Amino acid sequence: MSADASLWLSFVLIGLATTLPRASFIVLGGRVRLPSVVQRALRYAPAAALAAIVTPDVLVVSGDFAPLNPKLAGVIAAVAAALLWRNPWLPFIAGMAVLLGLRALTGG
Amino acid sequence: MPSSSFRAGAREGFLGFLPLSVGLIPWALVMGMAMTSAGFTPVQAMGMNLIVFAGTAQLGTLPLIGSGVPLWLIVVTALALNLRFVIFSAAIARGFRGVGAPLRWFSGHLLTDGVFANCLEKMLKVDDPRWRLGYFLAPSLWSWFLWQAFALIGIFAAGSIPKHWSLEFMATIALLVLLIPLAKQRPMLVAAVTGGATAVALRGMPLRLGLIVAIVAGICAGFAAEHWSKRGDEA
């Protein structure tokens, strides 16, 4: 198999490994039901997953736990902007400004 | 011609998600640049982007492709990165009652973290299946369009956007903005803090399996917090 063909095969298999988990219960629908205890527990999935994806991005710098970095300051600014004002673009502006500003000041 | 309730749902879903969708733009740009720097031709890069349509799975498998890692391990890695979608799919499945199988497959293919977090509540509350379908598909198709368009720009812009701009930080901000309204309830906050702390503690686990463990730990912690707060009320 050529390098190009094996590359496309890997794309298709990664695609299947993405679409099948995503479509699983949406497609099965009413035929398979999760117990209500599991359903109640699943309400916590988004909060747990979002935090699990984001937190290492913010608190880990090249593999080490290093909470005091410009990203944390940027995140605090973004969260404060989201809590204080209704403007939906403001968290992005505040977060990026603090991150890039601090990096420019510290030369990091 | 889509029904008026489909269009009403689509409008509400699209407008609600629009501000959050800016977080996809840097993520897609970074994705396009990363695939180009991995040695893909523009056709191969867009092929992967169209077939897979998943930032975490694409970025996570990219270093393994073409590096001598066997194909099965690449697929297992992709599955591990995508396990959370089984949980998401089960949680939102009830929102697709009254929708036919082809559209369920199509919707499943388009399911992303952002749309899930943004749309779950109303998908479970609203009765009209056409409204729900519009409410889900409009932000999903918008995400798909942004993902393809800005990955394409990233593929051709690779090398000309300075890395120190850290545009990918906007994706982090977008995920946090999604998290804030959830975390206003006490058990949800417990779930988030536990999930985040566990993910940091287990960051060294291979294949990013720590992410799965962290999600499960967060769900358990949130569920336990709900249980204990109820018992506190009864006492």
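The table below gives the values:
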read-out: Residue check, B:VAL99 more than 7 Å from chain A (Cβ to nearest Cβ) and either within 19 Å of B:SER3 (Cα to Cα) or at pLDDT below 95 (or both); value: yes
read-out: Any hit, region A:52-72, residues being farther than 24 Å from B:THR61 by Cβ, buried (at least 16 other Cβ atoms within 10 Å of the Cβ), free of Cβ contacts under 8 Å to residues at least 24 places away in the same chain and within 7 Å of another protein chain (Cβ to nearest Cβ); value: yes
read-out: The lone exception for A:VAL98 - which of (1) touching a Pro at 6+ places or on another chain (Cβ under 8 Å); (2) within 7 Å of chain B (Cβ to nearest Cβ) it fails; value: (2)
read-out: Pair list, Cβ < 7 Å and 6+ apart or interchain, from region B:10-23 residues that are closer than 15 Å to B:ASP128 by Cα to residues that are buried (at least 16 other Cβ atoms within 10 Å of the Cβ) and among the hydroxyl-bearing types (Ser, Thr, Tyr); value: B:ALA10/B:TYR135; B:GLU12/B:TYR135; B:GLY13/B:TYR135
read-out: Residues of region B:104-133 satisfying the condition of being assigned to a helix (DSSP H, G or I), without any contact (Cβ under 8 Å) to a residue 40 or more places away in the chain and of a type in the set (Asp, Glu); value: B:GLU121
read-out: Residue in region B:143-165 that is within 10 Å of chain A (Cβ to nearest Cβ), out of contact with any Pro (no Cβ under 7 Å at 6 or more places or on another chain) and in contact (Cβ under 8 Å) with a residue 40 or more places away in the chain present; value: no
read-out: Criterion violated by B:ALA157 - all others in (1) closer than 27 Å to A:LEU102 by Cβ; (2) crowded, with 21+ Cβ neighbours inside 10 Å satisfied; value: (2)
read-out: Residue check for B:ILE92: surrounded by 15 or more Cβ atoms within 10 Å (Cβ to Cβ) and farther than 21 Å from B:GLY154 by Cα; value: yes
read-out: Residues satisfying the stated conditions in region B:48-63, i.e. in a loop (DSSP other than H, G, I, E, B), surrounded by fewer than 24 Cβ atoms within 10 Å (Cβ to Cβ) and modelled with pLDDT of 85 or more; value: B:PHE53
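Table: residues versus (1) over 23 Å from A:ARG22 (Cα atoms); (2) loosely packed, with under 15 Cβ neighbours inside 10 Å; (3) at the interface with chain A (Cβ under 10 Å from one of its Cβ atoms).
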position	(1), (2), (3)
B:SER3	yes, yes, no
B:ARG7	yes, no, no
B:LEU18	no, yes, yes
B:LEU29	yes, no, no
B:THR36	yes, no, no
B:PRO42	yes, yes, no
B:ILE65	no, no, yes
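Residues are listed down the side, and each one gets a yes or a no for (1) at the interface with chain A (Cβ under 8 Å from one of its Cβ atoms); (2) surrounded by fewer than 18 Cβ atoms within 10 Å (Cβ to Cβ); (3) in contact with a Lys or Arg (Cβ under 7 Å, 6 or more places away or on another chain):
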position: B:GLY195; (1), (2), (3): yes, no, no
position: B:LEU209; (1), (2), (3): no, yes, no
position: B:GLY222; (1), (2), (3): yes, no, no
position: B:ALA225; (1), (2), (3): no, no, yes
position: B:LYS230; (1), (2), (3): no, yes, no
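The values are calculated or read from the model by the stated rules, or taken from the named source; none is laboratory data. The structure presented is a predicted model; accordingly, all values stated were derived computationally and were not measured. All Cβ positions, even for glycine, are placed from backbone atoms using ideal geometry, and neighbour counts span all protein chains on display.
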